[in-house]
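Notes to accompany the following structure.
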Amino acid sequence: MEDAVQEKYDAIIIGGGVVGCMVARWLSRYEMKVLLIEKCSDIGTATSSANTAIVHAGYDPLPGTLKARMNVEGNKMWDQLAGELNFAFERRGDYVVATTDEEFETVKTLMKQGEDNGVPGMILLSGEEVKSREPEITPNVTGALWASTGGICDPFAVTVAAAENAVMNGVKVMLDTAFEDFVMEGKRIVGVKTNKGTFGCRWAINSAGLYSDEVMHKAGVRPEFVIKPRVGEYFVLDRAEITINNVLFPTPTSKGKGILVTTTVHGNTIIGPNSVLKDDKELKAVTREGLNEIWDGALKLVPCLADKRRCVIAVFAGNRPLGNAPCKNPAVKYNSDFIIEIPEEVQGFVNLGGIESPGLTSAPAIAEEVVKLLKEAGEPMQEKADWNPIRIPRIHFRDLERRDQEKLVEKDPRYGRVICRCENVTEGDIIAEIHAPIPATNYDAIKRRTWCGTGRCQGGFDMPRVVAILAKEMGVSPLEISKKGDESKFLQRPTKVTEG
Amino acid sequence: MTKDLYDVVVIGSGPGGLAAAIAAKKNGADDVLIIERDVELGGILLQCIHNGFGVEIFKEDLPGPGYAQRFINEALSLGIDTLLDTMVLDINANRRLYVTSKRHGFKEIHSRAIVLAMGCRERTRAQINLPGSRPAGVYTAGTAQRWTNVEGYMPGSHFVILGSGDIGMIMARRLTFEGAKVERVLELMPYLTGLTRNYVQCLLDYDIPLQLHHTVNRIIGNHRVEAIESVQVDDRLQPIAGTEEIIPCDTLLLSVGLIPENELSKMAGVKIDPITNGPFVNDEFQTNVPGIFAAGNVVHVYDLVDWVTEAGLSAGASAARYAVAERQKEIRSIPMIAGENVRYIVPHRLDKSHMQEEDIRLQMRVRNPIEEPVWVEVHDGSNLITRKAEQYVRPGEMVTVELKPKHFAEVEKAQSLTVNIVKRK
């Protein structure tokens, strides 16, 4: 006898990364009862919060692949998306920089590929033109591809915005809820087993990212499909240390897109990533060799970084879920394409897999594709009369003009108390996140939402204060407060108590 | 309640700030304000509950809070204003400060002189490019010190400390007192970076091993620190392959240096020495921005708190001298008031002392033409100081009148001067 089904849903989304949250937001438009489950204590903590934060133009993927179509379609959706969900998105454009004549030939090929993919707004620039636009660029530059539709964002903020809009429109989100197995009736998925109980569903949607292979295998789909975590390491530099106007890519090689240098929507400079295949999907460790590799790589594009190592304020690593799905079009020889399908061998299953770069860019297009697939499968997909596509953002003290800061503090004095002085994050900002539609219940969740502790002192000042605020707002002891979930508590016991 | 204008505003209430405020008050500053971001005065001294403070100044061996309290008592008895739990968001070169707090909200404060005493911050994991994962349990020694000594919580039970800085060694002893095990102190350099007395009193006395020329090769553990891998380094400080050692622990403390905290200084246009990471200062601890002084660890990192206090006393006294001179300048400077039939006068203000040496020409325009003889009269409110005859005045033709050294005696007490243009009777 199966566990009793706690509650029945029309659709259960497995995995709360940017893709899962975007799918949730898209499904929230229709008369469906939707649940999103996330195994971590926050959404978007894996690939979605540790990547290059770029909305790609779409010249990279091979023409004919699903990656190429999703990238170009997705890119076009970002202006409206940013407007509706109210997150920071800047269509700054990007360069692919050539430093030899040979590289310039590769860049020209890339432009051709972009044209085949339907990427608008690309031109070739001479070395001199690039220098005049990007003062810090290497003097060796021989030319570049300029793609005006490239953009930058805060990918975690995008994920939160999508999830919050979904919740506003009736989607239920359960954190700390890990997928264990499917409940099958013959060839039909009728439920999802989790560590928090079993939930019934008519559709299960696999958006498990790094674990999408394991989830689809439980459904008996694509047993040959394997995700390999591809680690990318990054440096973050303090603000205003270097002027990078746009995204600078090196000319890609057979090994990948290479080490890029870009600005972020928060004004920092970000350098990375490298690309190292690993086995451990949870391990997000930076290595000495990796850091040296990306620093050397970045110097080739921006030589003045040589004396900026002291301006590094953070290093991090992210895992990208590299899959081995061949392109559906047999004419295209490509073995790491996205999977976006309703497989034939099982009913009630929407399967998304291998969504690595350009997954962030593609996320809205993938969500729309899921809606299309469901419609084709006969789902009524009746639009809600009261669906609200607009997500009102929370106010961030640091983003306001002084006059507005004054008004805010007058209204709510908690915004007058600065907790993170490097990033000007206030008690009001932090408390608002603790009580948000997707509540931030640990330090990293606060950090990712407010940028508290991301500056020069990296939490040295704010950490004990944020822990105290979390404890007070959640009504628990500071001993219960964690960095990123129950296994990562900050403190162990009160002082003056010895063990044994 | 705080005022809008001060003689001296001190930012930070650690040993440097407290000393500066006290010295400012004792050297002629009337209104002195300390702005502190924490909820009480004393700065980092409050979490330094070990002894070793005051040997130079008091010839006594005091704990940090005790040392701070002597200066806090003195500051409060001198009537120095304080703004606690308050952050300075901005300072400009005209010495206007923009501050915010939960209790008082936003406030703009102007000061004749400012003493920067923000201290320093600890170097972080990122600044030493420490490889490995990012679990809970990696803290700067100062953060761990705050938790242990101020908030009353132990951040771990098995520690490795990277860096032989003073805070790290002192925390090694402190944590041992609390029943924790400090497995190892690792130091990248071939020498101790803190004081020898701390090595003896905090490590040797408690059998805590110190390994020089060693560093952390990587941090192990996805959620909480499970171990660190140590490694020996060569003369170029590069890891030597084959010397790696896994040390199980649940917490890694970093005591890898301090950096003067000068973000506010930069906002005010203060120039920073790339070697000290603190402002360039003259012998009065004045920065390149007139009226902005700096004292203590914000200038360069000290190893004894007594010396921070001395620097604070010196900077505070200099700031007071500057403020007093500014105040006198303000008293001497009086407004020129456009009176009857005068549209405006240039200069708008007059430093009376300048009249002692030279003629001051007041330039003005009239509101309405008077086509008959007039007096251009300068009054101080009660007395006529001087007057000049004109045959007529017209708005299109500038009118002037001179104040001469001989008028100084009459003007000396004036609060303002008014010019009227009236028909000669």
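Readers should treat all values here as calculations from the given coordinates under stated rules, not as data from a laboratory. This structure is a prediction, so every number in the text was calculated from the model and none was measured. In this analysis, Cβ positions are derived from the backbone assuming ideal geometry, glycine residues included, and neighbour counts consider all displayed protein chains.
Going by a ≥ b ≥ c, the root eigenvalues of the Cα gyration tensor, does region B:248-299 fall in the rounded group (a/c under 1.5), the prolate group (a/b larger than b/c) or the oblate group?
On the way: a/c = 3.59, a/b = 2.91, b/c = 1.23.
Prolate is the answer for region B:248-299, as a/c is 1.5 or above and a/b outweighs b/c.
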Need the C-alpha centroid separation for region B:277-355 versus region B:372-406, integer Å.
36
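Given R₀ = 56 Å, FRET efficiency for B:V346-B:N282 by Cβ-Cβ distance, to 0.05?
Working: r = 35 Å, r/R0 = 0.62.
After rounding, the FRET efficiency stands at 0.95.
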Provide the convex hull volume over Cα atoms per residue for chain B, in Å³.
191
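For region A:339-386, run through the trypsin sites (Lys or Arg not before Pro) and keep only the ones in DSSP coil with at most 15 other Cβ atoms within 10 Å of their Cβ. If you can, show how the numbers build up before the last one.
On the way: sites: A:K372, A:K375, A:K384; in loops: A:K384.
Answer in residue order: A:K384.
Using DSSP to define loop residues, name the GluC sites (Glu not before Pro) in region B:329-373 whose beta-carbon has at most 11 other beta-carbon atoms within 10 Å.
On the way: sites: B:E330, B:E340, B:E357, B:E358, B:E371; in loops: B:E340, B:E357, B:E358, B:E371.
In loop regions of region B:329-373 (DSSP not H, G, I, E or B), the sparsely surrounded GluC sites (Glu not before Pro) are B:E357, B:E358, B:E371.
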Give me the net charge of B:L5's neighbourhood, meaning all other residues with Cβ under 11 Å from the Cβ of B:L5; Lys, Arg count +1, Asp, Glu -1.
-2
Any chance you could list P(r) for region B:123-162, counting all Cα-Cα pairs in 5 angstrom bins from zero, rounded to whole %?
6, 19, 31, 24, 14, 6, 0
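How do B:I292, A:I434, A:I123 line up, fewest other C-beta atoms within 10 Å first? Show your work: numbers first, answer last.
Working: B:I292 25, A:I434 17, A:I123 11.
Fewest-to-most ranking of B:I292, A:I434, A:I123: A:I123, A:I434, B:I292.
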In region A:283-364, which GluC sites (Glu not before Pro) are in a loop and have at most 16 other Cβ atoms within 10 Å, using DSSP for the loop call?
A:E344, A:E345
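What pairs in A:K472/B:K25; A:K284/B:K266; A:K407/B:K266; A:K375/A:K447; A:K284/A:K407; B:K25/B:K352 have C-alpha atoms more than 30 Å from each other? Spell out each step's value before the answer.
Numbers: A:K472/B:K25 40 Å; A:K284/B:K266 36 Å; A:K407/B:K266 27 Å; A:K375/A:K447 39 Å; A:K284/A:K407 42 Å; B:K25/B:K352 27 Å.
With Cα atoms farther than 30 Å apart: A:K472/B:K25; A:K284/B:K266; A:K375/A:K447; A:K284/A:K407.
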10 Å-binned pair-distance histogram of region A:321-452 (Cα, whole percent)
10, 25, 22, 21, 16, 6, 0
Using DSSP H assignments, which helices in chain A have an axial alpha-carbon span of 18 Å or above and a mean Kyte-Doolittle hydropathy of -0.5 or higher?
A:155-168, A:288-301, A:359-376
For region B:29-82, what's the radius of gyration and Dmax over Cα atoms, in angstrom?
12.2, 35
Pull out a ≥ b ≥ c, the square roots of the eigenvalues of the alpha-carbon gyration tensor of chain A, then state rounded if a/c is under 1.5, prolate if not and a/b is larger than b/c, and oblate in the remaining case.
oblate
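What number comes out for the charge environment of B:N217, summing +1 per Lys or Arg and -1 per Asp or Glu over other residues with Cβ under 12 Å away?
On the way: positive: A:R288, B:R218; negative: A:E289, B:E229, B:E244, B:E245.
Combined, the nearby Lys, Arg, Asp and Glu give -2.
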If exposed chymotrypsin sites (Phe, Trp or Tyr not before Pro) are those in a DSSP loop with at most 12 other Cβ within 10 Å, what is the longest stretch of chain B that has none?
B:192-391
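Is region B:124-256 rounded, prolate or oblate when judged by the Cα gyration tensor, a ≥ b ≥ c being the square roots of its eigenvalues, rounded requiring a/c under 1.5 and prolate requiring a/b larger than b/c? Don't skip to the end; give the middle numbers.
Details: a/c = 1.71, a/b = 1.16, b/c = 1.47.
Here region B:124-256 falls in the oblate category.
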Dividing the alpha-carbon Rg of region B:1-153 by 2.2 N^0.38 Å yields what?
1.16
Pull up the cross-link candidates among the lysines for A:K172, meaning alpha carbon to alpha carbon under 21 Å and not fewer than 8 places away within one chain.
A:K8, A:K33, A:K39, A:K193, A:K196, A:K384
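If I take every Cα pair under 8 Å that is 6 or more residues apart in region A:1-151, average their sequence separation and divide by the length, what percent do I get for the relative contact order?
Details: 206 pairs, mean separation 35.1, N = 151.
The value is 23 percent.
Counting other beta carbons within 10 Å of each residue's own, what order do B:D351, B:D81 fall into, fewest first? Let's see the in-between values first.
Values: B:D351 14, B:D81 17.
Going from sparsest to densest Cβ surroundings: B:D351, B:D81.
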Convert 20 °C to kelvin, take the viscosity as 1.002 mPa s, use the Kirkwood radius over C-alpha pairs of region B:77-130 as Rh, and evaluate the Stokes-Einstein diffusion coefficient in µm²/s, rounded to a whole number.
156
In whole Hz and in residue order, list the ³J(HN,Hα) couplings for region B:168-179 that follow from phi through the Karplus curve 6.51 cos²θ - 1.76 cosθ + 1.60, θ = phi - 60°; x for Gly and Pro.
x, 5, 5, 5, 4, 5, 4, 5, 4, 4, 7, x
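So if I place +1 on the C-beta of Lys and Arg and -1 on the C-beta of Asp and Glu, and nothing else carries charge, what would the dipole magnitude of the protein assembly as shown be about its Cα centre? I want it in debye, nearest 20.
On the way: 108 positive and 124 negative charges, 374 e Å.
Once rounded to the nearest 20, the dipole reads 1800 debye.
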Per DSSP H run of n ≥ 4, the term is -39500 (n - 2.57); total these for chain B, divide by its residue number, and report the mean residue ellipticity at 222 nm rounded to 500 deg cm²/dmol.
-6000 deg cm²/dmol
Using the basic label-point model (7 angstrom from Cα toward the beta carbon), what is the B:F408 to A:E487 distance in nanometres?
8.3
Among A:L479, A:I434, A:C420, pick out the residue whose Cα is farthest towards the positive end of the charge dipole of region A:397-488, where Lys and Arg carry +1 and Asp and Glu carry -1 on C-beta, about the Cα centre.
A:C420
So, counting K/R as plus one and D/E as minus one, what does the shell of residues with Cβ under 10 Å around A:G220 add up to?
+2
Would you list B:H50, B:H104 from fewest to most Cβ contacts within 10 Å?
B:H104, B:H50
Below 19 Å, Cα to Cα, which aspartates and glutamates can B:K181 reach? Residues fewer than 8 away in the same chain don't count.
A:E499, B:D166, B:D205, B:D207, B:E226, B:E229, B:E245, B:D250
Below 21 Å, Cα to Cα, which lysines can B:K423 reach? Residues fewer than 8 away in the same chain don't count.
B:K388
For the protein assembly as shown, I need the span (max minus min coordinate) of the C-alpha atoms along each principal axis, in Å, sorted largest to smallest.
114, 80, 60
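When the Cα atoms of region A:444-500 are enclosed in a convex hull and the volume is divided per residue, what value in Å³ results? Spell out each step's value before the answer.
Details: hull volume 5.7 nm³, N = 57.
In region A:444-500, the Cα hull volume divided by residue count equals 100 Å³.
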Over chain B, what is the relative contact order in percent, taking alpha-carbon pairs closer than 8 angstrom and at least six residues apart?
16
